[in-house]
Amino acid sequence: MENIETLTQCPCQFQEYVPKEFEFRVIVVGCRVFAIEIHSQQSEKTKHDWRHYDFDKVAHRVHELPDGVRNQCLALVKALNLRFGAIDMIVTPNHEYVFLEINPTGQYQWLEALTGLPITESIVDLLINGPRE
């Protein structure tokens, strides 16, 4: 932000910093929802962005979403006319869920490898059998 005046010729998007207890990625495949906690606060390397990866220090765990949040994730994917979405969210120290973004082609395989969740199997099932809604 110190040099914001130099960004006059390009579009910019800024996001307010949100304090984190942990981050997570929600993978929606059809009507199936998989949520994985990413404990980015366990490492200085990932404290501000889990994509700096530090698998030795950052725990990844299956997360059970509250029904309201789960339903909102499903509704968002449906409203965008998608069958797959990778949603990034934060849980604050006050246990509030904060939406960051949705990726229509977001990565998930490392999460599947770390948690054993059947995400690829769900994608294959969706492609072969169609939606089950």
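Sorting V18, V28 by the number of Cβ atoms found within 10 Å of their own Cβ, with the fewest placed first, yields V18, V28. When a/c is below 1.5 the answer is rounded, else prolate if a/b is larger than b/c, else oblate, so apply that to the stretch 9-133 with a ≥ b ≥ c taken from the square roots of the Cα gyration tensor eigenvalues. Cα axes put the stretch 9-133 in the prolate bin.
Listed by chain and number, the lysines whose alpha-carbon sits under 22 Å from that of K47, ignoring those within fewer than 8 places in the same chain, are K20, K57.
Quick one: angle between helix 119-129 and the longest Cα principal axis of the chain, in degrees between 0 and 90, rounded to 10, please. Roughly 50 degrees between the two axes.
How big is the charge dipole of the chain about its Cα centre, in debye rounded to the nearest 20, if each Lys and Arg gets +1 on its Cβ and each Asp and Glu gets -1 on its Cβ?
Working: 12 positive and 19 negative charges, 82 e Å.
Here the size comes out at about 400 debye.
Legend: ranking of residues D88, D54 from fewest to most surrounding C-beta atoms inside 10 Å; resulting order D54, D88.
With a Förster radius of 41 Å applied to the C-beta separation of N81 and L7, the computed FRET efficiency comes to 0.80. Between K47 and N103, the modelled labels are 2.4 nm apart [label points 7 Å from Cα along Cα→Cβ].
Values in this text are rule-based calculations from the coordinates and carry no lab data. Quick caveat: nothing in here was measured; it's all calculated off a predicted structure. All Cβ positions, glycine included, derive from the backbone under ideal geometry; neighbour counts span all protein chains shown.
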